[in-house]
Amino acid sequence: MFAKILRLPLIMITAFGMAACNPSDPATGPEETFASQGVVIGFVRDEAGRGVANAIICAVAVFDVSGTPVLVSNQAATITTGAYLVPVNLRFKADARAGLGVSANPPLGSALEPKSQSGFTLLITTTLPPAETTHVDMVLVAGMPSNSVFCSS
């Protein structure tokens, strides 16, 4: 199941702020090779503890490369149990601890509100697979769903 998630593309942006995750970026593809990676895993549940399937999870990592701030985002969907795995793949070599924000965007019609959390760190390394993953669980509450997927850091 997670093998399918690993083939999703990434978007690289060299600015701070908000980034819209775009799963159809032609600059990257499912066959892309990468030189560095970080991994974010977790579960998305509703207030009753049930897994939220098909929520879009967006991870945004911010780190420094030779004095230049780099913002990298990637997204993945949760499976039926609410579990997700979001790889943060880079085409260049980087060994860094990045600031991390994670957003959960529930599926339309779920009557659940999106949620964002920040203040996490992500190890991005050239030693693959990474020696550690960042675990972020989220509980979504009833409310107004969004019709967009946004990532924030």
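How do the peptides 99-107, 119-127, 86-94 rank, highest first, by the average count of neighbouring beta carbon atoms within 10 Å per residue?
On the way: 99-107: 23.1, 119-127: 17.1, 86-94: 19.6.
Put in order of decreasing packing, that is 99-107, 86-94, 119-127.
Return the equivalent ellipsoid semi-axes of the range 85-137 as a descending list in whole Å, where each equals the square root of 5 times an eigenvalue of the C-alpha gyration tensor. Mind showing how you got there, number by number?
Numbers: eigenvalues 148, 27, 17 Å².
Those come to 27, 12, 9 Å.
The numbers here are math on the coordinates, done by the rules we state, and not lab data. All figures in this text were calculated on a predicted structure; none of them were measured in a lab. Counting neighbours? That spans all protein chains shown, and the Cβs are built from the backbone with ideal geometry, glycine included.
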